[in-house]
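Okay, structure first, notes after.
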Amino acid sequence: MAETIPSQPTDAARGEPSALGWLLVITGIAAAVRFYGLEQQLWYDEITTLLDSVRKPLWEIVTTYETQNQHTLYSILARISVITLGESNAALRLPAVLFGTAAVPALYWFARHITDRAEAQLAAALLAVSYHQVWFSQNARGYTMLLLWTLAATTLFLRGVRQPSRAVWLGYGAILALGMYTHLTMAFVAAGHGLVWLWMLADTGHVPEAFPEKRWLPLTGFGAAGALTLLLYAPVLPQMFTRTVGGTAASVGSQWTNPMWLVWETARGLFGAGDSAAAWIKVAAGAGIAGGILLAGLISYWKQDRALAALLVLPGVVTAAVMLALGHNLWPRFFFFAIGFAFLLVFRGLRVFADWATPRAGRHPEAGRRIGTAAALLLIGVSTWTMPPAFLYPKQDFAGAMDFVERVNIQNQRVLTAGLATLPYVRYYQRDWPAAETAAQLREFRANGTTGWVVYSMPIFIRSRQPEIWNAIESEFTTVRIFRGTLGSGEVYVARTKP
């Protein structure tokens, strides 16, 4: 690797008192905003995690593989949490909070291996007050765990190629295995690292001096990761084969598999835009600026060290390539593990633009650093301003819709559910609101001259999986109220038969 990258953590990374004190403050702020509002109602994925995994005995959790979207290690930790603290939304989400908080110092630790203290501090501070990181830290799923495992594994990868050690590579393998036991998409991170390693084998002129002599040592880490992963999944390997090879379809709709949908949803989430023409302009402008900053940061890291730049982007590229090849749903959460890398690219890009513009404005080159820092602090301030909705409002307002129907349905008229609203109401809230399994069930209200209700969520899902039911909802019902949450496209709709 290029000499511009520190060959080992600098003084700040090793424990300079001022850096550690600052990091403790930032981590404390991160913990405070993640623990606040932790009892907000659960959304669909959290409800399925609770019902299908966490309420089961530990032995059943580790010996059952229901779907490809299973987060086994998270379910184990959440089970321990609810056994210890009692079942509550906060207890269910506790592992996500702890790992989401720990990701802040982990990002700083990783960043100090590749850049200076200022950029590392700014990236950690932005992660601490990031709306999306707070959102996922209060989500009872394993995504913040994947973020932490990714940061830790990438840090150990860097250490392993700079100062090759069997102990470091064994630790790297253990981290990869824990990530795989959290969710199988951790394999994309391992694949990205493997591609970088192969690149370094072919380009020995741009690697640390110690690497060529021990260039095969990384196989220890990859081998350990594979062996530990097989050991952890051994009780469920036959079930995994059935689910992934001969089992259920992974995708539920063409819109969710469309790359442009992924780009739009990601940009809309970042810039808080709606669906109007003005929103499109806002998103396009914001995406263009953000894309330019990210590209500038990537080019800067590329000039610093090509392999390092590849480490930052290849896991995400591999994820996208595999998902597209398989026709899998391109949900933004599959790329959440790379949020720390994205923040590092953003702050490097801001510095590049500031350094480029400052001399052209007739200012002293040193002013570029101050301008870049000011822009970074402004970004952190904006992120702090937009953060509160993540912990103040529900992700999906199933409870609000339920309370509304029970309040206005004074004649106790029949209520049906559709799509992804059925499981929460029938199994979790235990309401006598059966699923609309056929279009005829929805049309019988009109045929009998009676008034009925339907509560549904995720129209994309219904349109793709149950088009006849969706057509019946559109033709026979009128929307009475929409209950919004912070989950993109996760509104809960309450509709009543048309007069």
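Only the coordinates and a few stated rules stand behind these numbers; no lab work does. The shown structure was predicted, so the numbers you read here are calculated from the model rather than taken from an experiment. Here the Cβ is made from the backbone with ideal geometry for all residues, glycine too, and neighbour counts use every protein chain on show.
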**Asked** Where Lys and Arg each count +1 and Asp and Glu each count -1, what net charge lies around Tyr428 among other residues with Cβ under 13 Å from its Cβ?
**Response** -1
**Request:** Within the set of other residues whose C-beta is less than 13 Å from the C-beta of Ala472, count the net charge using Lys and Arg as +1 and Asp and Glu as -1.
**Result:** -1
**Item:** Shape call, the stretch 346-474: gyration tensor on alpha carbons, a/c limit 1.5
**Value:** prolate
**Request:** Assuming 1.306 mPa s and 10 °C, estimate D for the stretch 398-497 with Stokes-Einstein, Rh taken as the Kirkwood radius over Cα pairs, in µm²/s.
**Result:** 119
**Complete:** Output for the stretch 386-435: chymotrypsin sites (Phe, Trp or Tyr not before Pro) sitting in coil per DSSP, at most 16 other Cβ within 10 Å, listed by number, reads Tyr429
**Request:** Would you mind ranking Ser165, Ser53 so that the residue whose beta carbon has the fewest other beta carbons within 10 Å leads the list?
**Result:** Ser165, Ser53
**Fill in**
A correct fewest-to-most ranking of Trp199, Trp433, Trp216 by other Cβ atoms within 10 Å would be Trp216, Trp199, Trp433
**Message:** Run the paramagnetic zone check for Val426: 7 angstrom along Cα to Cβ, then residues of the stretch 449-478 with backbone nitrogen under 20 Å.
**Reply:** 452-474
**Message:** Antiparallel versus total DSSP beta bridges in the stretch 398-497: what percent is that, nearest 5?
**Reply:** 65
